[in-house]
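Handing you a structure now.
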Amino acid sequence: MLEIKNLHASVDGGREILKGVSLTVRAGEVHAIMGPNGSGKSTLAGILAGRDGYDITRGSVIYDGRDLLAMSPEDRARAGIFLAFQYPVEIPGVNNMYFLRVALNAGRKARGEPELDAGQFLKTVRNKLKLLEIDDDLLQRGVNVGFSGGEKKRNEIFQMAMLEPRLAILDETDSGLDIDALRVVANGINRLRAPNRAIVMITHYQRLLDHVAPDFVHVLSEGRIVRSGDKSLAAELEKTGYAGVGV
Amino acid sequence: MAVKTEAAPYLDVFRPNAGEPAWLRDARAKARDAFVARGFPSRRDEAWRFTNLRPLADKPFEPGHGKLELKPGSLPKGAWFASMARTLIEKPEIARRAIGESDLAGGQPFASLNAAMFADGFVLALDEGVTLDPPVEIVHSAGDGSINLRNLIVLAPSSRATIVERYCGEGAYWTNTVTTVSVGAGASLTHVKVQDEGPEAIHFGMVRAALEPAATYRNFGLTLGANLSRQDVQVAHGIGSIVDLAGAYLQRGDQDTTNAVVVDHAAPGATTRELFKGVLDKRSHGAFLGTIRVREGAQKTDAKQTSRALLLSDRASVDTKPELEILADDVKCAHGAAVGDLDKDTLFYLRARGIGIDEARRMLIEAFVLEAFETVEQPELRGHLAARVRVWLEAA
Ligand SMILES: Nc1ncnc2c1ncn2[C@@H]1O[C@H](COP(=O)(O)OP(=O)(O)O)[C@@H](O)[C@H]1O
Ligand SMILES: [Mg+2]
């Protein structure tokens, strides 16, 4: 589904941040990417979702046989890529529900599916809201406006549940969550697991992985994947720290 | 009598109307003399520094025509809502209040010209305690030439009203409106104006409002049209009165607009909130001039002014000039101004959810603009303004 080959990227006109990342993600798989602060995890996630401000100096990213890096952010989203932001932005004046409906219908339209009318949309919203234990009235506000840190993360997963992506990239969705919120968010992620979907979780901690068992764990350090393994690698990291795995 | 060059053409077309009452003929003559002696405001005049009057000076307008339509809804007893022409005949004692000393003095040349030349306008007058609901509406569509409208809104104590003015038209014309507003003790007026003039038009609007104690005056302006436009709002507070001035101006092409607001706190305990939002695309230019004057003795004044503009193109520009003159000591006064482009991270967030870049930009601009109208109480009216903004955005 996703094939990253020898990806080198630097900040526009600046220093190199990704120094040859290669990663293959197949449908049905769950990958965890771990690594110290500043190792390039968010940069990688941003580049996959189409954030600008980076120079791709070498390498390629193929998604479903297409050159991902040549696609606009909206085309990637419509093709099924979803990034749960590490820092979701607040958008005063843009109503959450309205935003979500425009987003959902943009994707449906691009795929040739009929747009949802207000009634159908509302029904879907109700179902997913319950799943993520989100208050109704949060949806009547501006996007993320006045949300607590945990509510913002939950809202990301709620959006993911609504948009039903094929490849979800979750950037530290677990940080800042208390144990109950973590359980709810993990539940939301597990519900998305399916043979035709893939999930890439970026995290610092073992604890999300206790709830969402990954098939593969990778350690990113200074812009390179320095180790890959199964979920026992995460347990090892928890015990020894990054230094213990030679980072 | 010395006549300024640019004013001369207007002197030539001035024809006193023999059918009018003596007081009006007298006032018109005085206002005309004041205008021709003074001429157009000069760009050395601080308040007119950013308004380019060349198009007006180069090509004087003949007196022109427009259609004034009043939509009264259902008027309660104690409410007068009629054209100025009719009010002059049937209620001259009310109509007289539309012309003031400053018209005769010439300090505001275009207001003096308006006093000399106006043929019509609207008048809304409410007796004490009368509530007007739903809003009344005025639509003016201009045809050609120069059109001077003289408007008057008088709210007696404890009355309430919402009034919506809309200006539109086709062709090259000049609309020049002067609106005198008086809000009685404890009365409340919501005054909405949508300036949607044709693309070749010139539009000037001047509002002078005087507030009595505990009066509330809310003024919302949406500027979309005209090639050159200017909106002046000048408010004199009463004791403990409340003023909410908000405006949004959306311009593109080579449009040019100025919002100039002056709020005078001569009485204590009054509150002013100002919020102006500009969206400037292509080669357009906007200016916001905001003066808040707090006189000696106006203690416990609470005033806040905010002006923000989005520049959507490298060639668009905006000038902002806040001016706080504070002579009392126990006051809260704040102002802030910012100019920028749409936030990149926010735009990316929307696109990362599948929303196309054009739609994402429209959503963000719309949200930015509509903040100015958040305090409009009637949801239908807010919706109407939002719809006008949408139309502008989608016309890009
Ligand atoms: N836009 C940017 N401009 C300058 N430096 C950046 C930018 N984005 C990321 N960096 C730098 O790149 C490195 C990796 O950042 P990031 O990808 O956010 O790391 P992580 O998510 O693993 O903590 C950091 O040193 C960070 O300061
Ligand atoms: Mg990060």
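The values are calculated or read from the model by the stated rules, or taken from the named source; none is laboratory data. On a predicted model such as this, the values are computed, not experimentally measured, just so you know. Please note: Cβ atoms are built from the backbone with ideal geometry, for glycine as well, and neighbour counts cover all protein chains shown. Areas reflect the complete protein model, heavy atoms only, side chains present, ligands, DNA and RNA absent. Shrake-Rupley method; radii C 1.70, N 1.55, O 1.52, S 1.80 Å.
B:ASP12 versus (1) without any contact (Cβ under 8 Å) to a residue 60 or more places away in the chain; (2) of a type in the set (D, E, K, R); (3) in a loop (DSSP other than H, G, I, E, B): which is the lone unmet condition?
Failed condition: (3).
Residue-by-condition table, conditions (1) touching a Ser or Thr at 6+ places or on another chain (Cβ under 6 Å); (2) assigned to a helix (DSSP H, G or I); (3) surrounded by fewer than 18 Cβ atoms within 10 Å (Cβ to Cβ):
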{"residue": "B:ARG86", "(1), (2), (3)": "no, yes, yes"}
{"residue": "B:ALA95", "(1), (2), (3)": "yes, yes, no"}
{"residue": "B:GLY107", "(1), (2), (3)": "no, no, yes"}
{"residue": "B:SER112", "(1), (2), (3)": "no, yes, no"}
{"residue": "B:ALA142", "(1), (2), (3)": "yes, no, no"}
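Given the criterion closer than 30 Å to B:LEU327 by Cα and among the acidic types (Asp, Glu), identify the matching residue among B:ASP281, B:ASP256, B:ASP232.
Numbers: B:ASP281 fails: closer than 30 Å to B:LEU327 by Cα; B:ASP256 fails: closer than 30 Å to B:LEU327 by Cα.
Matching residue, one of B:ASP281, B:ASP256, B:ASP232: B:ASP232.
Among (1) open to solvent by 10 Å² or more (accessible area, probe 1.4 Å); (2) more than 16 Å from ligand 2 (Cβ to nearest atom); (3) more than 14 Å from every other protein chain (Cβ to nearest Cβ), where does A:LEU116 come up short?
Answer for A:LEU116: the failing condition is (3).
Evaluate the following for A:GLY14: is it within 15 Å of ligand 1 (Cβ to nearest atom) and either of a type in the set (Ser, Thr, Tyr) or out of contact with any strand residue (DSSP E or B) (no Cβ under 6 Å at 6 or more places or on another chain) (or both)?
In short, yes.
Pick from B:LEU385, B:LEU381, B:LEU370: which is within 18 Å of A:VAL102 (Cβ to Cβ) and either more than 14 Å from chain A (Cβ to nearest Cβ) or among the hydrophobic types (A, V, I, L, M, F, W, C) (or both)?
On inspection, the qualifying residue turns out to be B:LEU370.
Within region A:24-31, can one find any residue that is modelled with pLDDT of 95 or more, loosely packed, with under 14 Cβ neighbours inside 10 Å and away from ligand 1 (no atom under 14 Å from the Cβ)?
Checked region A:24-31: at least one residue is modelled with pLDDT of 95 or more, loosely packed, with under 14 Cβ neighbours inside 10 Å and away from ligand 1 (no atom under 14 Å from the Cβ).
Sticking with this structure for a sec: Note down all Cβ pairs under 6 Å where the first residue falls in region A:138-165 and is more than 14 Å from chain B (Cβ to nearest Cβ), the second is surrounded by fewer than 19 Cβ atoms within 10 Å (Cβ to Cβ) and not in a helix (DSSP H, G or I), and they're at least six residues apart or on different chains.
A:GLY149/A:GLY176
Scan region B:113-124 and tell me whether some residue there is within 23 Å of B:LEU189 (Cα to Cα), aliphatic (A, V, I, L, M) and free of Cβ contacts under 8 Å to residues at least 60 places away in the same chain.
yes
Can you tell me which residue among B:LEU152, B:LEU124 is closer than 17 Å to B:VAL235 by Cβ and not β-branched (Val, Ile, Thr)?
Values: B:LEU124 fails: closer than 17 Å to B:VAL235 by Cβ.
When all the criteria are applied, what remains is B:LEU152.
Kindly indicate which of A:LEU182, A:LEU220, A:LEU177, A:LEU170 is over 20 Å from A:ALA27 (Cβ atoms) and within 16 Å of ligand 1 (Cβ to nearest atom).
Numbers: A:LEU182 fails: within 16 Å of ligand 1 (Cβ to nearest atom); A:LEU177 fails: within 16 Å of ligand 1 (Cβ to nearest atom); A:LEU170 fails: over 20 Å from A:ALA27 (Cβ atoms).
Result of the check over A:LEU182, A:LEU220, A:LEU177, A:LEU170: A:LEU220.
Looking only at residues that are of a type in the set (S, T, N, Q) and more than 28 Å from A:GLU113 (Cα to Cα) in region A:158-186, which one is most open to solvent (accessible area, probe 1.4 Å)?
Going through the qualifying residues, I end up with A:SER175.
Of these, A:ASN190, A:ASN155, which one is more than 16 Å from ligand 2 (Cβ to nearest atom), surrounded by fewer than 21 Cβ atoms within 10 Å (Cβ to Cβ) and not β-branched (Val, Ile, Thr)?
On the way: A:ASN155 fails: surrounded by fewer than 21 Cβ atoms within 10 Å (Cβ to Cβ).
When all the criteria are applied, what remains is A:ASN190.
Next question, about the same structure. State which residue is farthest from the other protein chains (Cβ to nearest Cβ) when the search covers only region B:303-362 and only residues that are out of contact with any strand residue (DSSP E or B) (no Cβ under 7 Å at 6 or more places or on another chain) and of a type in the set (Lys, Arg).
B:ARG315
Please find, within region A:195-222, the residue that is modelled with the highest pLDDT out of those that are within 15 Å of ligand 2 (Cβ to nearest atom) and surrounded by fewer than 18 Cβ atoms within 10 Å (Cβ to Cβ).
Filtering first and then ranking leaves A:GLU222.
Then there's this: Given (1) crowded, with 17+ Cβ neighbours inside 10 Å; (2) at pLDDT 95 or above, where does B:CYS333 come up short, assuming only one miss?
For B:CYS333, the exception is condition (2).
What is the residue count in region A:33-82 for residues that are within 11 Å of ligand 2 (Cβ to nearest atom), more than 12 Å from chain B (Cβ to nearest Cβ) and either under 12 Å from the mean Cα position of the chain (by Cα) or open to solvent by 10 Å² or more (accessible area, probe 1.4 Å) (or both)?
So the first thing to find is which residues in region A:33-82 are within 11 Å of ligand 2 (Cβ to nearest atom), and the list is A:33, A:35-46.
Filter once more, keeping what is more than 12 Å from chain B (Cβ to nearest Cβ): A:33, A:35-44.
Now restrict to residues that are either under 12 Å from the mean Cα position of the chain (by Cα) or open to solvent by 10 Å² or more (accessible area, probe 1.4 Å) (or both): A:33, A:36-38, A:41-44.
The total comes to 8.
Kindly indicate whether B:VAL3 is open to solvent by less than 50 Å² (accessible area, probe 1.4 Å), over 30 Å from B:ALA156 (Cα atoms) and in contact (Cβ under 8 Å) with a residue 24 or more places away in the chain. Walk me through it before giving the result.
Details: open to solvent by less than 50 Å² (accessible area, probe 1.4 Å): no; over 30 Å from B:ALA156 (Cα atoms): yes; in contact (Cβ under 8 Å) with a residue 24 or more places away in the chain: yes.
Taking the combined requirement at face value, the residue does not satisfy it.
Residues that are at negative phi and basic (Lys, Arg): which helices (runs of 4 or more DSSP H) entirely in region B:302-396 hold 3 or more of them? Step through it out loud before you land on a result.
Details: elements: B:344-351, B:357-370, B:379-394.
Result: B:379-394.
I've got another one for you. Would you pick out the residues in region B:31-50 that are crowded, with 16+ Cβ neighbours inside 10 Å and over 17 Å from B:PHE204 (Cα atoms)?
Matches in region B:31-50: B:ALA31, B:ARG32, B:ASP33, B:ALA34, B:VAL36, B:ARG38.
Give region B:201-217 a look and list any residue that's over 21 Å from B:TRP48 (Cα atoms) and touching a Gly at 6+ places or on another chain (Cβ under 7 Å), or say none.
If the condition is that a residue be over 21 Å from B:TRP48 (Cα atoms) and touching a Gly at 6+ places or on another chain (Cβ under 7 Å), then B:LEU211, B:GLU212, B:PRO213, B:ALA214, B:ALA215 are the ones that fit.
Only one of these conditions is not met by B:THR179: (1) of a type outside the set (Gly, Ala, Ser); (2) open to solvent by less than 20 Å² (accessible area, probe 1.4 Å); (3) assigned to a loop (DSSP other than H, G, I, E, B). Which number is it?
The failed condition is (3).
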